1. Can you name the residue in segment 241-265 that is of a type outside the set (Ser, Thr, Tyr) and over 30 Å from ASP33 (Cα atoms) and is also surrounded by the fewest Cβ atoms within 10 Å (Cβ to Cβ) among such residues?
2. If you take the residues in segment 69-89 that are part of a loop (DSSP other than H, G, I, E, B) and either surrounded by fewer than 17 Cβ atoms within 10 Å (Cβ to Cβ) or basic (Lys, Arg) (or both), which one is farthest from the chain's Cα centre (by Cα)?
3. So which pairs qualify, if the first residue must be in segment 219-234 and part of a loop (DSSP other than H, G, I, E, B), the second must be modelled with pLDDT under 90 and of a type in the set (Ser, Thr, Tyr), the Cβ gap must be under 9 Å, and the two must be at least 6 apart or on different chains?
4. Looking only at segment 230-240, which residues are surrounded by fewer than 22 Cβ atoms within 10 Å (Cβ to Cβ) and in contact with a Ser or Thr (Cβ under 9 Å, 6 or more places away or on another chain)?
5. Tell me, please, whether a residue that is at pLDDT below 85, of a type in the set (Ser, Thr, Tyr) and surrounded by 12 or more Cβ atoms within 10 Å (Cβ to Cβ) can be found in segment 168-176.
6. Condition first: of a type outside the set (Val, Ile, Thr), touching a strand residue (DSSP E or B) at 6+ places or on another chain (Cβ under 8 Å) and away from the ligand (no atom under 16 Å from the Cβ). Now tell me which residues in segment 230-249 satisfy that.
7. Out of segment 122-141, which residues are farther than 20 Å from GLY97 by Cβ and buried (at least 23 other Cβ atoms within 10 Å of the Cβ)?
Amino acid sequence: MISIVLLLAPAVLVAADPPAESTAAPPAEKAADLLDDYSLVWFDDFEGDSLDTDKWRYRTGPRLGSVQCPENVSIADGKLRIALKKERSGDLNHTAGGVISKKALRYGYYEARFKMPRDRGWHSSFFLCISPTPAIPILREIDICEQNSGFLHYTVNAHEIVVQGTDKSLRSIGVIRNGTRTFRRVPTPDLSADFHTWGAEFTPEHVKFFFDGSLVSTADMTDMKHGDFNIWLTSVARRTVDDSNLPAYMLFDWVRYYRKRTDTK
Ligand SMILES: [Ca+2]
């Protein structure tokens, strides 16, 4: 089961970008107003000199154009740092990495601050995932940020698919909810120039996605099965990588989970 879990990636589910007209105009709603109803209950500031393995496990194995290695994940200067390397591993020419929360969480407000690598070729993400198991071969994701480096946008989504196969051949065989209605492309400044903050409020009714504290999209969640999601922070190579300035780094400053004060679970 674990090996299947580790090989999954969100990128394979969003290979095709939709037309530009799906871009959402940012409404005025602010995360700061919403957070008045919430309390911080789980977080990591990535202080110290090593990953807190009580909170995280490593993402490992191949996906898209890279093999993910624990050796590429480090803590330095208050940041979770994922090294993105030109390095042969198995059949692939690059290595990268990621971490997955050991804790699984449900309704609340999820938030992280991070900075992307500059050059093209890396798919970085902050997302919530219920991984498939042999008994329940369904992948469920809430993608708070998926971004291809070098582009001036990222995407959000909430979707679930049926998967089949083994470690080396995991593939989608059916769509329960393909996320076409909830996919949004959000225009941004250069995400490698500065840190930015991504957030998502998950309730029984909806997911509201925020960028730098402002609402960018809302997804109806009443027709998608809910459960407890692990938090993924990762960066993997795409098919073609600009190798000119490697190694590059994906930097996460912090991640936080807030629960509604009225929710006692
Ligand atoms: Ca930090």
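The values are calculated or read from the model by the stated rules, or taken from the named source; none is laboratory data. What you are looking at is a predicted structure, and each value in this text was computed from that prediction instead of being measured. We place every Cβ from the backbone using ideal geometry, glycine too, and count neighbours over all the protein chains shown.
1. Restricting attention to segment 241-265, the residues satisfying the condition of being of a type outside the set (Ser, Thr, Tyr) are 241-243, 245-248, 250-256, 259-261, 263, 265.
Remaining after also requiring over 30 Å from ASP33 (Cα atoms): 241-243, 245-248.
Working: VAL241: 21, ASP242: 15, ASP243: 13, ASN245: 9, LEU246: 18, PRO247: 14, ALA248: 24.
So, considering only residues that are of a type outside the set (Ser, Thr, Tyr) and over 30 Å from ASP33 (Cα atoms), the one surrounded by the fewest Cβ atoms within 10 Å (Cβ to Cβ) is ASN245.
2. In the first step, residues of segment 69-89 are kept if they are part of a loop (DSSP other than H, G, I, E, B); the result is 69, 77-78.
With the extra rule that they be either surrounded by fewer than 17 Cβ atoms within 10 Å (Cβ to Cβ) or basic (Lys, Arg) (or both), the set shrinks to 77-78.
On the way: ASP77: 22, GLY78: 20 Å.
Among those residues, the one meeting the criterion is ASP77.
3. Sorted first by the residue in segment 219-234, then by its partner, the pairs are MET221/THR182; MET224/THR182.
4. First, pick out the residues of segment 230-240 that are surrounded by fewer than 22 Cβ atoms within 10 Å (Cβ to Cβ): 230, 238-240.
If the condition is that a residue be surrounded by fewer than 22 Cβ atoms within 10 Å (Cβ to Cβ) and in contact with a Ser or Thr (Cβ under 9 Å, 6 or more places away or on another chain), then ASN230, ARG238 are the ones that fit.
5. Let us first name the residues in segment 168-176 that are at pLDDT below 85, namely 168-176.
Pick out the ones that are also of a type in the set (Ser, Thr, Tyr) and you get 169, 172.
Within this subset, residues satisfying the condition of being surrounded by 12 or more Cβ atoms within 10 Å (Cβ to Cβ) are 172.
Yes, segment 168-176 contains a residue that is at pLDDT below 85, of a type in the set (Ser, Thr, Tyr) and surrounded by 12 or more Cβ atoms within 10 Å (Cβ to Cβ).
6. Residues of segment 230-249 of a type outside the set (Val, Ile, Thr): 230, 232-233, 235, 237-239, 242-249.
Now drop any that are not touching a strand residue (DSSP E or B) at 6+ places or on another chain (Cβ under 8 Å), which leaves 230, 232-233, 235, 237-238, 243, 246-249.
Listed by number, the residues that qualify are ASN230, TRP232, SER235, ALA237, ARG238, ASP243, LEU246, PRO247, ALA248.
7. Step one: list which residues in segment 122-141 are farther than 20 Å from GLY97 by Cβ, which gives 130, 132-140.
Result: LEU139, single match.
The rows are residues; the columns are (1) assigned to a strand (DSSP E or B); (2) away from the ligand (no atom under 16 Å from the Cβ); (3) over 20 Å from VAL99 (Cβ atoms).
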| position | (1), (2), (3) |
| --- | --- |
| LEU191 | no, yes, no |
| SER217 | yes, yes, yes |
| LEU251 | yes, no, no |
| TYR257 | yes, no, no |
